[in-house]
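S.K.: Quick one: this structure, given as structure tokens, is what I'll be asking you about.
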Amino acid sequence: MTAIVSLNRVSVEFPAVDGAGVVKALEDVSLDFRDNEFVVALGASGCGKTTLLNVIAGFLQPTSGEILHKDAPIRGPGPDRGVVFQKHALLPWLNVLENTEFGLKLQGVAKEDRLSRARDYLALVGLSDFERYPIYQLSGGMQQRVGLARALTCDPDMLLMDEPLGALDAFTRENMQELVLDAWRKTRKVVFFITHSVEEALFMATRLIVMSPRPGRITHTYDIDFCDRFFETGNARAVKSSPEFIALREEVLSIIYGEETGDGLP
Amino acid sequence: MMRGLFKRRGPQAVEQYGAPGQGSGTAISAVTIVLILGGWWVVTQLGLIRPLFLPAPEMVISKFAKIACTEHYFEQMLVAVGGMAKVEAKCHGFSDHALHEHILWSLYRVFGAFALATVTAIPIGIAMGMNRHARGVFDPPIEFYRPIPPLAYLPLTIIWFGIGESGKLFLIFLACFAPIAINARAGVRSVSIEQIHAAYSMGASHRQVLRQVVLKAALPEILTGMRVAIAFGWTTLVAAEMVAAKAGIGVMVLNAARFLATDIVFLGIIVIGAVAFIFDLMMRRFERALVPWKGKV
């Protein structure tokens, strides 16, 4: 399978806060994103997940290494890579529909065309009845759904999601996991998804990468298929309480906690 | 009625415990206004203060009728509809101008200067927020002149512009310019980096980000700046009209003071306050219509 986006020994260094030396936010990260993949990055704070996402989005240039989109180097942000942010980043002067069609408007797509496409994706995230609502009247979960619809409307090859469910309450969050998976199955984008939640990561990923801090790097990779089981059964709770799921959850947790406790040892 | 206004209220369902300043103050404001006006009337009625220092309200009202030439215009209207043969009452106004002429001259000066300030200060303030070169260039002069009282550089505007209208406009323009520029600049900062990133990742150009994201996000603060600016404009008006103005509310007040016509001074002050207040109300309504999201995100 061909890679949509591939990173080849990417490193990112920032000057340290105290001015002495550098912080290695990412070191030697190599990663391929292939068709239909749902890649989830998991790790403690400061492990470089968001830096990795920013590099792929083009908001940040790597210090060394190369990053290719369909074999062409990425030089900045573009509509081929859609981004969903932790805080929705919608535009409050536009209503739900206008926010969703905003990307196509920027690209100069004709009005009827962009309206019909925006309506399709609003239907996909279940917000057809809220077209005319100002976004500040929506709940947090609905705002994130608009953010997802907005990114999908631009029809990107890849969807970058930076802890999109992090600010939601537990019940909304579980519903949103299913909604995001559903949207992914229907649109077949490559997804790069960042989360703090081990359960969320295992449930959604086709490939899980575990990252660790100082320097930020990928330490473990798992190919998993719990999301397929969810698609077969439609029962998220059953998937999340299955013995395999729990066993893997404990394994990943021990990796993350092991690093944290091992960190301070001489 | 007073019991209802001032009785101690227990906790209510819609109120949030301990939230500062909750509840409506409108009724109390109405009482305050009535008390001030009533106090004014009583004090003058009892002759406690000489009219030179505090003219009675009815004196101010009758001066209003005289200077506004209400009788003159009423008769003119009757003549127009054929109810009267000719106009009997003459219109003297004050300083050779009727009240509405004074008001119009002042409105022209304040709003002319305000309009000039708006079209120049918004682009410059946005540029200062977007670009370090523009900020480097404009920040020192604006921050330098901003705290200087307009009366201090009034002589300079006379030397530069003479005693015509342009000097007056320039003085008020300076007063309006700084608050708009500073608020526009601060408004640029109110756009979140995620909103800008989102626009770029949907294919926006720099120009589109500026026009469709940054400008819109800065709009609430720009409008706040305009509200502050117009208030500064009214504050500076009297200073601007001190020099060789024939008509204007500020001139009216200054001339009246020279003749110790305290009632006209009062009238001028009330007119300026009323016009400024009406404009502020309009701006607030405009703000609600234009930036309904303000304070909600």
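The values are calculated or read from the model by the stated rules, or taken from the named source; none is laboratory data. Since the structure is predicted, the reported quantities are computational estimates derived from the model, not experimental observations. Cβ: placed from backbone, ideal geometry, glycine included. Neighbour counts: every protein chain shown.
S.K.: In region A:208-247, what residues are more than 20 Å from residue A:55 (Cα to Cα) and charged (D, E, K, R)?
M.R.: Passing the criteria: A:223, A:225, A:228, A:229, A:232, A:237, A:240, A:244.
S.K.: Then there's this: Of everything in region A:1-11, what is buried (at least 16 other Cβ atoms within 10 Å of the Cβ) and not hydrophobic (A, V, I, L, M, F, W, C)? Give them in sequence order.
M.R.: Result: A:6, A:11.
S.K.: Related question: Where residues in region B:205-223 are within 10 Å of chain A (Cβ to nearest Cβ) and within 12 Å of residue A:106 (Cβ to Cβ), which of them is surrounded by the most Cβ atoms within 10 Å (Cβ to Cβ)?
M.R.: Here the answer is B:213.
S.K.: Determine whether residue A:114 is more than 19 Å from the chain's Cα centre (by Cα), in the same structural domain as residue A:189 (by TED's automatic domain parsing) and among the basic types (Lys, Arg).
M.R.: Considered against the rule, which asks whether it is more than 19 Å from the chain's Cα centre (by Cα), in the same structural domain as residue A:189 (by TED's automatic domain parsing) and among the basic types (Lys, Arg), residue A:114 comes out as no.
S.K.: From the list B:79, B:137, B:119, B:87, which residue is among the hydrophobic types (A, V, I, L, M, F, W, C), exposed (fewer than 15 other Cβ atoms within 10 Å of the Cβ), out of contact with any Cys (no Cβ under 6 Å at 6 or more places or on another chain) and more than 30 Å from residue B:221 (Cβ to Cβ)?
M.R.: B:79
S.K.: Anything in region A:47-59 that is facing another protein chain (nearest Cβ under 8 Å) and assigned to a loop (DSSP other than H, G, I, E, B)? List them, or say none.
M.R.: A:58, A:59
S.K.: Examine region A:130-140 for a residue that is part of a strand (DSSP E or B), surrounded by fewer than 23 Cβ atoms within 10 Å (Cβ to Cβ) and not aliphatic (A, V, I, L, M), and state whether such a residue exists.
M.R.: yes
S.K.: Report yes if residue A:109 is part of a loop (DSSP other than H, G, I, E, B), surrounded by 15 or more Cβ atoms within 10 Å (Cβ to Cβ), at negative phi and free of Cβ contacts under 8 Å to residues at least 60 places away in the same chain, otherwise no.
M.R.: yes
S.K.: Residues that are acidic (Asp, Glu) and closer than 29 Å to residue A:10 by Cα: list the helices (runs of 4 or more DSSP H) wholly contained in region A:174-266 that include at least 3 such residues.
M.R.: The qualifying helices (runs of 4 or more DSSP H) are A:243-263.
S.K.: Among B:276, B:247, which is buried (at least 20 other Cβ atoms within 10 Å of the Cβ), away from chain A (no Cβ under 14 Å) and either in contact (Cβ under 8 Å) with a residue 12 or more places away in the chain or in contact with a strand residue (DSSP E or B) (Cβ under 8 Å, 6 or more places away or on another chain) (or both)?
M.R.: Answer to the check: B:247.
S.K.: For the structure I just gave you, tell me whether residue A:62 is within 14 Å of chain B (Cβ to nearest Cβ) and either assigned to a loop (DSSP other than H, G, I, E, B) or surrounded by fewer than 22 Cβ atoms within 10 Å (Cβ to Cβ) (or both).
M.R.: no
S.K.: Test of understanding: among B:42, B:87, B:79, B:119, which residue is within 29 Å of residue B:262 (Cβ to Cβ) and of a type in the set (Val, Ile, Thr)?
M.R.: On inspection, the qualifying residue turns out to be B:42.
S.K.: Got a number for residues in region A:70-86 being out of contact with any Asp or Glu (no Cβ under 8 Å at 6 or more places or on another chain), more than 9 Å from every other protein chain (Cβ to nearest Cβ) and closer than 15 Å to residue A:156 by Cα?
M.R.: Residues that pass the stated criteria total 1.
Listed here are the residues, each with its yes/no results for (1) buried (at least 16 other Cβ atoms within 10 Å of the Cβ); (2) charged (D, E, K, R); (3) in the same structural domain as residue A:249 (by TED's automatic domain parsing); (4) not in a helix (DSSP H, G or I).
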{"site": "A:13", "(1), (2), (3), (4)": "yes, yes, yes, yes"}
{"site": "A:19", "(1), (2), (3), (4)": "no, no, yes, yes"}
{"site": "A:25", "(1), (2), (3), (4)": "yes, no, yes, yes"}
{"site": "A:45", "(1), (2), (3), (4)": "no, no, yes, yes"}
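S.K.: Can you tell me which of (1) under 28 Å from residue B:216 (Cα atoms); (2) out of contact with any Cys (no Cβ under 7 Å at 6 or more places or on another chain); (3) crowded, with 19+ Cβ neighbours inside 10 Å; (4) in contact (Cβ under 8 Å) with a residue 60 or more places away in the chain is the one residue A:67 doesn't meet?
M.R.: Single failed check for residue A:67: (1).
S.K.: Which one of these does residue B:197 not meet: (1) within 14 Å of chain A (Cβ to nearest Cβ); (2) farther than 27 Å from residue A:98 by Cβ?
M.R.: Going through (1) within 14 Å of chain A (Cβ to nearest Cβ); (2) farther than 27 Å from residue A:98 by Cβ one by one, residue B:197 breaks only (2).
S.K.: Next question, about the same structure. Here are the criteria: (1) more than 14 Å from chain A (Cβ to nearest Cβ); (2) under 30 Å from residue A:56 (Cα atoms); (3) surrounded by fewer than 19 Cβ atoms within 10 Å (Cβ to Cβ). Tell me which single one residue B:190 does not satisfy.
M.R.: (1)
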